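Trainee: Take this structure first; my questions come after.
The values are calculated or read from the model by the stated rules, or taken from the named source; none is laboratory data. None of these values were measured; they are calculated from a predicted model. Cβ: placed from backbone, ideal geometry, glycine included. Neighbour counts: every protein chain shown.
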Amino acid sequence: MKYIAKVKEKTFKIEIEEKNGKLEVKLNGNPVSIDLIEVKPPNFLSLLVNNQSFDAEILKNSQCYWVSMRGERFECQLEDEKVSKLKELSGYESREGIQRELKSPMPGLVVAIEVKEGQEVKPGQGLVIVEAMKMENELKAGFKGKVKNIRVKQGKAVEKNEVLIVFE
Amino acid sequence: MFRKILIANRAEIAVRIIRACREMGIKAVAVFSEIDRKALHVRLADEAYFIGPSPSSESYLVMEKLIQVARKSKAEAIHPGYGFLAENPKFAKMVEDEGLVFLGPPSFSIELLGDKMRARKTISQSGVPIVPGAEKAIESEEEAIKTAGKIGFPVLLKAAGGGGGKGMRIVRDKSQMKEALRGASFEAKSAFADERIYMEKYLERPRHVEIQILADQHGNVIHLGERECSIQRRHQKVIEESPSTVVDEEMRKKMGQAAVKAAKVSGYVSAGTMEFLVDENRNFYFLESNTRLQVEHPVTELVTGVDIVKEQFRIGAGEKLSYKQQDIRWKGAALECRIYAEDPTNNFLPSVGKIITYEEPSGPGVRIDSGLYEGCEVSLYYDPLISKLLTWGNTRDEAVQRMKRALSEYHISGIITNIPFHQRVMENQRFLKGDISTHFIDEELEKKNLIFDTDHDELYEIVALFSALTDFKDKKKTKFLKGKKEEKSLWKIEGRKAGLRRFGY
């Protein structure tokens, strides 16, 4: 399989093939020796890359992989090369045109709503204050937009990932 | 000594206290709310009693229930830990009236020191320097402006009955006074049911340095030196250390004596902390007392070797302190990183969930106080402080290097923690030089430091490899890894050869 992996501003081409039970891996076209074991299933792994040792836990969410290693957490966008090419050909631009929403990152209580429907918001502007773990947490706008619909009221208990605000 | 102690708290601090009980042959009684049935403190205790629904207002904060458990379990003393009821004079009084020992100061002492204005007055009368300010509650805007003129702008308005940043306002000139007074007293009233506001000189770049004291019931008071607690965010401490980079032997002696004086004049008994602000010229001023065992007490334990919790037990049982001042020696340097369940890359929002993987660092000079284990739940009902990672070294530099090493070994998944944030602080040049104040985190965040890591691009290709290999592995999983049904899998044969489940060479 061929992958395109993006970490921050860097892009890597990775080819993985299985031959006679062994993994053959190329990184940006160069073969690397790989020894991968599961320390703790499913995804706490130990990896030897050309005998250099790395320990990491990998978690997948809908859009990316989270790699935790050496007390750090990294985000990686991974795409199958074929899918990537198809997208390019079809002119698909990722994440544009999708309805934009503000979701609650944790369960909690809505303490205040700082915007009104129809209001324009700027990145970094406070939208909703949710109380959890005895602390008030201000959820801020991550992008420029216009508030279309506010789905919650002050005093309402919300679940994790519950949609609070929908943007135009 | 006591035979049985009730611990009116939960999580890491309850675990810490249970450990002291066990080492002294004392039976430990735990309490738990609905969600805490499988919490570590319940599993480690000798006895455990259910005290109600998960919200602390219906469990850990209900005084009557705790007293009932004490009666039922025949505990002789109650340790309140920190937070919850630890600094509630009413609870201390209830425990005293029940004929039990409250493992903390007497209720009158909590009451005196809990009232910030009374504490300032009492302690300044004993000759301990306090932050310049007004001695009584502010009654009008005119009076406030007059007083501010005397002590000099900027000034700080503070709630007499409170703490934690609520009811606090910085006033830089007289035009801001009216609005600040209104806001502060409104907040103070709603948070502490006490609208009294007093005024202090606002120090621009202070350090927060506190002195640990121990006082027995026979009038002996000693100090265990200082803890530097300037690394804070939203008035919450994040990293503490001892010794402080600004405190030398002479200053330690002076601050220690001041703290001992403050304890004596307020009739203090048990372990406690006197907090001071230190200005840029190394002048120190009494700020307030914490009449409880502090979160960061292990920092002092590492540099002095004194077990503060056991000392609290001895004091509570009426014994004399096991140390005299001249017995206290400080060795090396200790650091504490508070591990919070929060996401530093997303505005420090709390993160809750079930712990999937949990691996603690160990090795030389490492101590962890936590209530975590694989499979346990971090819920939104309680404090986001989930663990305390401490390191000790012969020098500050060694302690810092150990902390970096320990942080890199600390693996927690299922929730997001601030471990990477601590890594950034340990690499921060200002922190390494000891150039810090209580504004350190805000100032560094402003400069886009501490959160965004730029130094690790050499790891990016490894991150990419891990992600691609995980995807590949997951897609082929049924084929290779569920070996039971596929006895002839080459992977399995290879794995057996190597004695491990291997994935290529």
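Trainee: For region B:342-371, name all the residues that are more than 14 Å from B:ILE386 (Cα to Cα), part of a loop (DSSP other than H, G, I, E, B) and away from chain A (no Cβ under 12 Å).
Mentor: Passing the criteria: B:SER362, B:GLY363, B:PRO364, B:GLY365.
Trainee: Can you confirm whether region B:443-458 contains a residue that is at the interface with another protein chain (Cβ under 10 Å from one of its Cβ atoms), part of a helix (DSSP H, G or I) and at pLDDT below 95?
Mentor: yes
Trainee: Now a separate question. Condition (residue is over 23 Å from B:SER266 (Cα atoms) and either of a type in the set (Gly, Ala, Ser) or free of Cβ contacts under 8 Å to residues at least 12 places away in the same chain (or both)) applied to region B:279-293: is it met by at least one residue?
Mentor: yes
Trainee: Consider region B:374-395. How many of its residues are at pLDDT 95 or above and surrounded by fewer than 19 Cβ atoms within 10 Å (Cβ to Cβ)?
Mentor: 2
Trainee: If you don't mind, another one. For the structure I just gave you, tell me whether A:ASN20 is more than 9 Å from every other protein chain (Cβ to nearest Cβ) and either surrounded by fewer than 15 Cβ atoms within 10 Å (Cβ to Cβ) or at pLDDT below 95 (or both).
Mentor: The answer is no for A:ASN20.
Trainee: Taking only region A:42-68 into account, find how many residues are aliphatic (A, V, I, L, M) and more than 8 Å from chain B (Cβ to nearest Cβ).
Mentor: Number satisfying all stated conditions: 1.
Trainee: Among the residues that make up region B:414-426, is at least one of them of a type in the set (A, V, I, L, M), part of a loop (DSSP other than H, G, I, E, B) and modelled with pLDDT under 95?
Mentor: yes
Trainee: Among what's in region B:337-354 and is of a type outside the set (Gly, Ala, Ser), touching a residue at least 60 places away in the same chain (Cβ under 8 Å) and in contact with an Asp or Glu (Cβ under 6 Å, 6 or more places away or on another chain), pick the residue that is surrounded by the most Cβ atoms within 10 Å (Cβ to Cβ).
Mentor: My answer is B:PHE348.
Trainee: Still on this model: Tell me yes or no: at least one residue of region B:133-148 is in contact with a Pro (Cβ under 9 Å, 6 or more places away or on another chain) and either within 14 Å of B:GLU200 (Cα to Cα) or buried (at least 16 other Cβ atoms within 10 Å of the Cβ) (or both).
Mentor: yes
Trainee: Out of the residues in region B:372-388 that are within 10 Å of chain A (Cβ to nearest Cβ) and in a strand (DSSP E or B), state the one that is farthest from B:GLY83 (Cα to Cα).
Mentor: Within region B:372-388, the match that is farthest from B:GLY83 (Cα to Cα) is B:VAL378.
Trainee: From the list A:GLU15, A:GLU81, A:GLU9, which one is among the acidic types (Asp, Glu), without any contact (Cβ under 8 Å) to a residue 12 or more places away in the chain and outside the structural domain of A:PRO105 (by TED's automatic domain parsing)?
Mentor: Unique residue meeting the criteria: A:GLU9.
Trainee: Since B:ALA180 meets every condition but one in (1) under 30 Å from B:THR304 (Cα atoms); (2) small (Gly, Ala, Ser); (3) modelled with pLDDT of 90 or more, which condition does it not meet?
Mentor: Unmet for B:ALA180, out of (1) under 30 Å from B:THR304 (Cα atoms); (2) small (Gly, Ala, Ser); (3) modelled with pLDDT of 90 or more: (1).
Trainee: In region B:314-334, is there at least one residue being closer than 27 Å to B:ARG233 by Cα, assigned to a strand (DSSP E or B) and not assigned by TED's automatic domain parsing to the domain that holds B:HIS79?
Mentor: The answer is yes, given that some residue of region B:314-334 is closer than 27 Å to B:ARG233 by Cα, assigned to a strand (DSSP E or B) and not assigned by TED's automatic domain parsing to the domain that holds B:HIS79.
Trainee: Filter region A:94-105 for residues that are within 14 Å of chain B (Cβ to nearest Cβ) and not in a strand (DSSP E or B); which is modelled with the lowest pLDDT?
Mentor: Once the filter is applied, the top-ranked residue is A:PRO105.
Trainee: Could you tell me whether A:ILE4 is facing chain B (nearest Cβ under 7 Å) and modelled with pLDDT of 90 or more?
Mentor: no
To keep it simple, each residue is scored yes or no on (1) under 30 Å from B:LYS253 (Cα atoms); (2) assigned by TED's automatic domain parsing to the domain that holds B:ASP435; (3) charged (D, E, K, R); (4) not in a helix (DSSP H, G or I).
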position: B:GLY149; (1), (2), (3), (4): no, no, no, no
position: B:GLY167; (1), (2), (3), (4): no, no, no, yes
position: B:GLN176; (1), (2), (3), (4): no, no, no, no
position: B:ALA184; (1), (2), (3), (4): no, no, no, no
position: B:GLN212; (1), (2), (3), (4): yes, yes, no, yes
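Trainee: Given the criterion touching a Pro at 6+ places or on another chain (Cβ under 9 Å), at the interface with chain B (Cβ under 8 Å from one of its Cβ atoms), over 29 Å from A:VAL7 (Cα atoms) and modelled with pLDDT of 80 or more, identify the matching residue among A:GLY71, A:GLY108.
Mentor: A:GLY108
Trainee: Looking only at region A:7-17, count every residue that is surrounded by 15 or more Cβ atoms within 10 Å (Cβ to Cβ), facing chain B (nearest Cβ under 7 Å) and not aliphatic (A, V, I, L, M) and tell me the total.
Mentor: The qualifying residues number 2.
Yes/no per residue for (1) surrounded by fewer than 23 Cβ atoms within 10 Å (Cβ to Cβ); (2) out of contact with any Gly (no Cβ under 7 Å at 6 or more places or on another chain):
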residue	(1), (2)
B:ALA263	no, no
B:TYR268	no, yes
B:ALA271	no, yes
B:GLU275	yes, yes
B:GLU280	yes, yes
B:ASN283	yes, yes
B:ASN290	yes, no
B:HIS297	no, yes
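Trainee: Tally the residues that are under 24 Å from the mean Cα position of the chain (by Cα), within 8 Å of chain B (Cβ to nearest Cβ) and surrounded by fewer than 16 Cβ atoms within 10 Å (Cβ to Cβ), restricting the search to region A:126-141.
Mentor: The number of residues fulfilling the criteria is 1.
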